[in-house]
């Protein structure tokens, strides 16, 4: 009740507050004189006749003195020692005048002690009143200011999750809850824990006026389609949208503020996630030995998370990165302590080490996810990129065939289709290696899975864009018209597992990922969902600029999923497969021998020539941008003038003492 009275008091204009203070002080003067009479007579008295002169003179004398001494210039909620001293001075002068009038001179019918008691009581009353106002109004005012400075949030969803989230917000004091929004018409207009429930139309009309900054989606059971509809409707409001995970993912099923997440990147795809076929997931995993190369990477680690929940007898983790291997091993032991998970340091290019591992455990299935996948990085390091991606795959596949592994599944990429960069070319070579081995009579079934860009994986644009948004921009894009196919990490991992179950040998599997996404549209969507605006010609006052840097070496404007048009359906409604042309194994083996020789000599121009010969659709970047190759040329160009000068000085008859590295 007391807190409700404070808000209208704080809202009063300054003159009204001063008049109210004068009225309160006048009432205190009357009260204190009455108390002085009551104390003198030791009983509650009723003032009569001439006795009224005492309270009237108290008001007439006190209020002008209080005005003169500045008691009404001070803001009560900030009153401090200076205000207290002003009260002491004003009450002292009042006390002297009042005592002179009623105690020294005297008024018949008014006890002389009233002239002493009344000023003392008035000092205590005025000081106490000011202190009460300071702690009451001042605390509430600062609290109101603090609440106003907090993010002003709306909870979308007035169900159980929304109620729990509101309770968590009240405890955390990190955000100020303004309202609930719900689509259910029968809830709109009601209150939940004292907070009004509105329609989404109300939010659209009042978000700016109410200073709302954030929307918290408390709809963990809503369908993906419904969430996308809500996000599309909220985008024009430029509010920071966050969401709760599914109730099953919440600790103890209770909602906490730190459970709030940025909008799922799956919601940015504009399509429903591809659900797996349960029988395909279990078919070649349960109670079998499974090996994953590149187990510490973003795709490899998600593969391991999916596999370990399907109850293999043993899961072998192979990776060259010590820390990545350690991290994924620790995670999997906590996720499924009943499964035997073994971390193994190894390079996929090391046939001897792979042979030791496969001979020791005899895996039933190998999922080959080890690869360098960052396009510009591989373009600048082509020798190691081709050695790891192409020769490493060939080595791992041959060892698997020797050890009679039943299934070998390669994680490939849409960049392998008519590649224009070293990374895509190296992955197409990896595919051809498996297609060539599949031509032989072998007990190993080889298959490949082509991905689009995997949202949230290492090197993905989404984490990069989010970091750039948090830093205040700009967001860097290589081209305004660049498009990519996207899939989520769980979709990618499940596709790999299911492909192994559907393969007959030499198959290429691709996921129906819907329409390709314009990267610039994805960037704009991320900016808007963070509560910011894009700065462009239409909105020059926006928050985040989109900066076009130009295509990088080997980068394509768009990607393709299949080389030909011979896609066939599978038992999974959203997965297609194809058989693509590949040279006979003998010819392919000879070409790989040439490729290995160029890698051994670190001859980058010869490597690109070999790739052009092996890959009919390969369209390489014209320049050689290998860092080592460019540095060697820079040093040679710097030394050449010195060599020429030395020859001139020696008359051209003696060999130059300077040796130039080619």
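The figures follow:
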{"item": "At R0 = 30 Å, FRET efficiency that the Cβ-Cβ distance of residue 235 and residue 170 yields, to 0.05", "result": "0.55"}
{"item": "Computed lengthening from residue 19 to residue 439, 0.36 nm per intervening residue step minus Cα-Cα distance", "result": "141.3 nm"}
{"item": "Gain in span if fully extended, residue 601 to residue 41, counting 0.36 nm per residue against the direct Cα distance", "result": "190.0 nm"}
{"item": "Rg(Cα) / (2.2 N^0.38 Å) computed for the range 318-377, rounded to two decimals", "result": "1.26"}
{"item": "Exposure proxy ranking, count of Cβ atoms within 10 Å, fewest first, for 199, 530", "result": "199, 530"}
{"item": "Order of 412, 311, 347 under a 10 Å beta carbon neighbour criterion, fewest first", "result": "311, 347, 412"}
{"item": "Sites residue 323 and residue 609, calculated FRET efficiency, Cβ-Cβ separation with R0 45 Å, nearest 0.05", "result": "0.75"}
{"item": "Ascending count of other beta-carbon atoms within 10 Å, so fewest first, for 364, 279", "result": "279, 364"}
{"item": "Cα pair distances exceeding 17 angstrom across the range 87-135, given as percent", "result": "38 percent"}
{"item": "Hull volume in cubic angstrom per residue (convex hull over the Cα atoms of the range 288-583)", "result": "137 Å³"}
{"item": "Stokes-Einstein translational diffusion, the range 350-399 - Kirkwood Rh over all Cα pairs, 1.002 mPa s, 20 °C, in µm²/s", "result": "179 µm²/s"}
{"item": "Residue 479 versus residue 124: modelled label distance in nm, points set 7 Å from Cα along the beta carbon direction", "result": "8.7 nm"}
{"item": "Segment residue 185-residue 374, length gained on full extension (0.36 nm per residue, minus Cα span)", "result": "63.1 nm"}
{"item": "Calculated over the range 478-545: convex hull of Cα atoms, volume per residue (Å³)", "result": "115 Å³"}
{"item": "Per-pair calculated FRET efficiency, R0 = 25 Å: residue 533 and residue 202 via Cβ, rounded to 0.05", "result": "0.70"}
{"item": "Simple spin-label estimate for residue 587 and residue 637 in nanometres, 7 Å along Cα-Cβ", "result": "4.0 nm"}
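Readers should treat all values here as calculations from the given coordinates under stated rules, not as data from a laboratory. Here the structure is a predicted model, which is why all the values come from computation and not from measurement. Note that each Cβ is placed from the backbone with ideal geometry, even for glycine, and that neighbours are counted across all protein chains shown.
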